[in-house]
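Enquirer: This is the structure I want to talk about, given as structure tokens.
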Amino acid sequence: MREKEYLFNNANKIDEILVKHGMNRSRIVAIMQDIQNEFGYLPEKNLKYISMKLQTPLSQIYSIATFYRAFSLKPRGKHLVTVCLGTACHVRGGARIVESIQKMFDVKPGEKTKDGLLSLETVNCLGACALGPVVVVDGKYHGHITISRLERIVKGILNENKK
Ligand code: FES
């Protein structure tokens, strides 16, 4: 889709979000959260659009987008599995968990499955080290996770989509 066509189709939604936040530059993170919720990620064209509308440098918007793990610059799958690979989780099997999810669902870290249902991501610490290994599935923390328990959780959410 060409840029002008894209903006024509999506500008109303973005304008709605901007108006909801009073076109206020200090609400930029909340504005970006709403865009992320709307599209499942932060499309580059939308970032350029809010940069123009809020007269905020695009570089600043990108640094916010890359600072917060909740934001994604690439389309994510419908469901998100985030595996912690920080030291505490790594020594308790974090890497094996990533490997198994990768094999079980044919998805690499940073990517989504072919059917677009599942994204796999890794992080360096989720701030819950005592519960390691920790995995977050669709925003819900699962501590002391085992491969078999995680497989059940992920298969459960994927089966929900088939109903
Ligand atoms: S290292 Fe995994 S939560 Fe801190």
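Readers should treat all values here as calculations from the given coordinates under stated rules, not as data from a laboratory. Quick caveat: nothing in here was measured; it's all calculated off a predicted structure. Glycine also receives a Cβ, built like all others from the backbone with ideal geometry; neighbour counts cover every protein chain displayed.
Enquirer: Restricting to the range 77-132, give me the number of residues that are within 16 Å of the ligand (Cβ to nearest atom), in a helix (DSSP H, G or I) and basic (Lys, Arg).
Expert: Residues that pass the stated criteria total 1.
Enquirer: Among the aromatic types (Phe, Trp, Tyr), free of Cβ contacts under 8 Å to residues at least 40 places away in the same chain and crowded, with 16+ Cβ neighbours inside 10 Å: is that true of residue 41 in this structure?
Expert: yes
Enquirer: Could we say that residue 152 is of a type in the set (D, E, K, R), away from the ligand (no atom under 16 Å from the Cβ) and farther than 28 Å from residue 42 by Cα here?
Expert: So residue 152 fits the description; yes.
Enquirer: Has the range 134-152 got at least one residue that is among the basic types (Lys, Arg) and either over 19 Å from the mean Cα position of the chain (by Cα) or part of a helix (DSSP H, G or I) (or both)?
Expert: Scanning the range 134-152, I find at least one residue that is among the basic types (Lys, Arg) and either over 19 Å from the mean Cα position of the chain (by Cα) or part of a helix (DSSP H, G or I) (or both), so the answer is yes.
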